[in-house]
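Values in this text are rule-based calculations from the coordinates and carry no lab data. A quick note: this is a predicted structure, and the numbers were derived from the prediction, not measured. Quick reminder, even Gly has a Cβ in these numbers, built from the backbone with ideal geometry, and neighbours come from all protein chains shown.
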Number of protein chains: 2
Amino acid sequence: MPSAMREGGRLLVVGGVAAGMSAASRARRLRPDVEIVVLEKGQDVSYGACATPYYVAGVIEERDRLIRYDADFFRRERRIDVRLGAEALELDLRRKSVTYRAGGTTEATAYDALVLATGAVPVKFPLPGIDLPGVLFLRTLEDADIIKRTIEAGVERVSILGAGYIGLEMAEAFSARGAAVTVFELLPNVLSTYDPDMSEIVERELLDQGVILHKGTRVEGFEPASGGDRVGYALASGRRIATDAVLVAAGVKPATALAASAGIELGATGAIRVDARQVTSDPSVLAAGDCSEALHVVTGRPAWIPLGTTANKQGKVAGENAVGGNARFGGIAGTNTTKVFDLEVAQTGLSSASAEREGLRVASVRITAGSRAHTYPGGSPITVKLVFDADSGRVLGAQMAGREGVAKRIDTIAAAIHARMSVTGLAEIDMSYAPPFAPVWDPVLIAASEAVKKVGRSPGARG
Amino acid sequence: MPSAMREGGRLLVVGGVAAGMSAASRARRLRPDVEIVVLEKGQDVSYGACATPYYVAGVIEERDRLIRYDADFFRRERRIDVRLGAEALELDLRRKSVTYRAGGTTEATAYDALVLATGAVPVKFPLPGIDLPGVLFLRTLEDADIIKRTIEAGVERVSILGAGYIGLEMAEAFSARGAAVTVFELLPNVLSTYDPDMSEIVERELLDQGVILHKGTRVEGFEPASGGDRVGYALASGRRIATDAVLVAAGVKPATALAASAGIELGATGAIRVDARQVTSDPSVLAAGDCSEALHVVTGRPAWIPLGTTANKQGKVAGENAVGGNARFGGIAGTNTTKVFDLEVAQTGLSSASAEREGLRVASVRITAGSRAHTYPGGSPITVKLVFDADSGRVLGAQMAGREGVAKRIDTIAAAIHARMSVTGLAEIDMSYAPPFAPVWDPVLIAASEAVKKVGRSPGARG
């Protein structure tokens, strides 16, 4: 545990998006006396990175809407010294100092406590042609600006590499802007954290919406358009597919270069190892957000699942502890949700496949039931897959898909996971009912009741 | 615990709506051999009683939609001997027999096990004029038919007595059918199970929708229209308010006459006392649904909160145990939700007021936050009131109101209540986030985080 920061000490934060600005703001609230400096490589702080696909789609019309508070706000209202365009180059743990480049000059700044919130960066594959103009990435707000400009310059056909959240949200965004979209996924299914019997629902939606989907397909490179220097073709399975732009959304990795080269320990996941107080292997250095691990409440082990909610929560904990507090981060259940065209999908805990990889004895049920009472118009089916321990019945995870009422229903199961409930306990929850909002047997309760029947009864179960 | 029912024994169920038909169906599934008889006073079984306001409103157009399975279905597919228009008159515990009247004749039927699912009946006040034509009640589907016919005969002004769920849902229904609605409530606020700082949000919505609301007002009686025999005026506070119809929705009471006169024990709530297996004071008699009590998971004591979900769950348990099973009902958290015009309101656990009546040391927070990310269009504010133990932080209850995303968000808190979580635990739940569905700090998490700050710090708190 780091000692309380000295009066007037300096907190340095590297990275000014979700985790970084949460840390800086929390520290300021607790300690009016300390100096707080934030180094942000880009030109924007504190923006809603998860909203960038909707900004590209035009659903969110104004860029300013993505920026809740700008750098001036933090400088003026919170006395946080935000330095934009400031790229951290080197961390010296012994001297407690970070060297960074800003505006063409390089300087060093000392710290009493350091919060690393360097985020994640897209995985860049060394594919032929990947540096061609028109080959796009989406990580920052500036990336989103580039994509918008590309669309506005005229794009009829887009190829997307990767069918994770970003890939699918961007498939919707490009479609909304009138482009024909082809999605390439190396794996056999979209949304790889979901089990195939759930991701197939998403795949049907993509096809229904006119997206061309190539699963289990490796993209081998890109070629410029004939007579131009911009991308014109994506190469896959020996074919040349004409395309006016390419979005590479084939995953991200934790941005750990600064930490690792300084000797900060990384975990088995490749992200920065932290304790529940967000402290790294160096007691004066904390880490939060997409660059760091988090304790998974189902496995009890560190995991790396980069998500905005986790970044905000970890940032708050890191900011508090950096100035001498003793906050703890409660861990993650891996809860996530997204909109894929007209479909809502959501997940919490482990999939069947990931639970099996953990060596657990896994059982699951999969049911479909209405989002509203059958009497009430406008409802639609929700499919719930519930994953549980075959012997004890402990809830391990869930996945859902449907046209309404999915995103927040998953939270009930997330709560059950945090509470280490069994499917019996889940089936007993007194869930709300009214015809416009739910059937008398909520889909979650139906899934749990079906699961209860299977506990201890699967082939080879004990007892 | 009742002994397993003999081969070919007879299960008698009194009442054929939610609890009764759930019990009968569950018993049939477990025991193909037993005889199952259901006595239903009305002409319909297994209908969605909670949907009747939407049937009156015209949102649900077809009456048949309210009846999932009719009597013939149960007779044919489940071999359940459903007797319609059969009113149970007397229960003889010693002889194990029920006397009932059907089609003008009276007969007795013996049972090996009896499930009482007699439901609840509207409280009828002995007000002058309450028997006038045009003074309506809503409990059964046949009541709803009468109300529809009354509306179709021409109703411009309606008075509603009682601002509980039924009263407010019917205010919306009558408004949808073009009537001007006046609501009278004896208590100082609408929705009396909510705290006033939450029910005031509902009151604003009613006023915004043109409903005239008289709170703290006792209706003294009704008078016929001049020159007619139908109701024409409601009398309140010395005024005569012209009205073409009156709906009395001033609460219900458990229908216990049959049970009580036979010597079955009632609980302190006035409803039939049952154990977790739904068995009454007579080991051959079980009770389920609105006529019976249920264990409240917050207070640990029996409560009477008549709701459709509880009726279905208890019915299933009673049906299983009546034929020799050993199912247990997990208790209620008092979770409920409704739509009041464009507002969703929901509640679980205890209100501040009810927690104080329980002698608990109560603290609460009340916050308002967006239903979606601030970046994403179309969101609206959700107000969350979280009630917790001032010393331990244990979550005792919650209430929410907003225009979207309320009904199913309450379930996360219901899960926390079942798990006996503290506000700290609730604040740690990894809730889902995506801009179209939630802000990065979900309103539930914001409320819980605010509550964490207050635990043990309220005036007079221990330690």
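Plainly put, the tip 7 Å out from Cα toward Cβ on A:Gly154 is 6.7 nm from that tip on each other copy, the closest given first.
Using Cβ counts within 10 Å as a stand-in for footprinting exposure, how do B:Glu156, A:Glu40, A:Glu450 rank, fewest first?
B:Glu156, A:Glu450, A:Glu40
Sorted shortest first, the separations between the A:Glu35 label point and its copies elsewhere in the assembly read 9.3 nm; each point sits 7 Å from Cα along the Cα-to-Cβ line. For the range B:153-169, putting each phi into the Karplus relation 6.51 cos²θ - 1.76 cosθ + 1.60 with θ = phi - 60° gives couplings of 6, x, 9, 9, 10, 10, 10, 10, 9, x, 10, x, 4, 5, x, 6, 4 Hz, in residue order, rounded to whole numbers and with x for Gly and Pro. Divide the volume of the convex hull around the Cα atoms of the protein assembly as shown by the residue count and you get 192 Å³ per residue. When only alpha carbons of the range B:1-158 are considered, Rg and Dmax amount to 18.0, 59 Å. When the listed pairs A:Lys408/A:Lys453; B:Lys339/B:Lys408; A:Lys316/B:Lys454 are checked against a 22 Å cut-off, the alpha-carbon distance exceeds it for A:Lys408/A:Lys453. Relative to the compact-globule scaling 2.2 N^0.38 Å, provide the ratio for the alpha-carbon radius of gyration of chain B. Here the Cα radius of gyration is 1.04 times the empirical estimate. Taking a Cβ cut-off of under 12 Å around A:Asp411, the surrounding Lys, Arg, Asp and Glu residues balance to a net charge of +1, with basic ones at +1 and acidic ones at -1. Close amide H contacts of A:Gly324 (hydrogens built in the peptide plane, cut-off under 5 Å, sequence separation of 5 or more or a different chain): A:Met5. What is the Cα centroid distance between the range A:89-142 and the range B:137-175, reported in whole angstrom? Spelled out, the Cα-based centre of one part sits 65 Å from the other.
Between beta-carbons, use under 11 Å as the cut-off and find the net charge around B:Arg75, counting Lys and Arg +1, Asp and Glu -1.
Details: positive: B:Arg76, B:Arg78, B:Arg79, B:Arg83; negative: B:Asp70, B:Asp72, B:Glu77, B:Asp81.
Computed value for this residue: 0.
Computed from the Cα positions only, the extents of the range A:245-380 along the three principal axes stand at 60, 43, 31 Å, in decreasing order. Counted by Cβ distance under 10 Å from B:Gly397, the other residues give a net charge of 0, where Lys and Arg count +1 and Asp and Glu count -1.
Mean per-residue shielding of peptide B:305-314 is 4, counting Cβ atoms of other chains within 10 Å of each Cβ.
The dipole here belongs to chain A: it is taken about the Cα centre, uses +1 on the Cβ of Lys and Arg and -1 on the Cβ of Asp and Glu, and is about 960 debye.
Peptide A:51-57 is shielded by partner chain Cβ atoms: per residue, an average of 3 of them sit within 10 Å of its Cβ.
Of B:Lys339, A:Lys215, the sequence from fewest to most neighbouring Cβ atoms within 10 angstrom is A:Lys215, B:Lys339. Radius of gyration (Cα atoms) of the range B:182-293, expressed as a multiple of 2.2 N^0.38 Å: 1.50. For B:Ala4, project a label point 7 Å along Cα to C-beta. Then give me every residue of the range B:29-43 with its amide nitrogen under 12 Å of that point. What the label zone holds, given the 12 Å backbone N cut-off, is B:31. Charging the Cβ of each Asp and Glu at -1 and of each Lys and Arg at +1, and nothing else, the dipole of the range B:269-363 about its Cα centre rounds to 180 debye.
One quarter of the surface of the convex hull around the alpha-carbon atoms of the range A:146-213 equals 4.3 nm², the direction-averaged projected area.
Taking every alpha-carbon pair under 8 Å whose residues sit at least 6 apart, chain B reaches a relative contact order of 14 percent.
Rounded to the nearest 20, the size of the Cβ-charge dipole of the range A:325-376 about its Cα centre is 120 debye, with Lys and Arg at +1 and Asp and Glu at -1. As a proxy for reagent exposure, B:Cys50, B:Cys291 were ordered by neighbouring Cβ count within 10 angstrom, fewest first; the result is B:Cys50, B:Cys291.
Candidates B:Thr375, B:Thr348, B:Gly456 compared by Cα position along the dipole of the range B:340-463: farthest toward the positive end lies B:Gly456, with charges placed on Cβ.
So if I take the alpha carbon set of the range A:37-90, get Rg, then get Rh from the Kirkwood formula, what is the Rg over Rh ratio?
Here the Rg-to-Rh quotient is 1.05.
Relative to the other identical copies, A:Pro128 shows label-point distances of 9.9 nm, where the label point lies 7 Å from Cα along the Cβ direction and values run shortest first.
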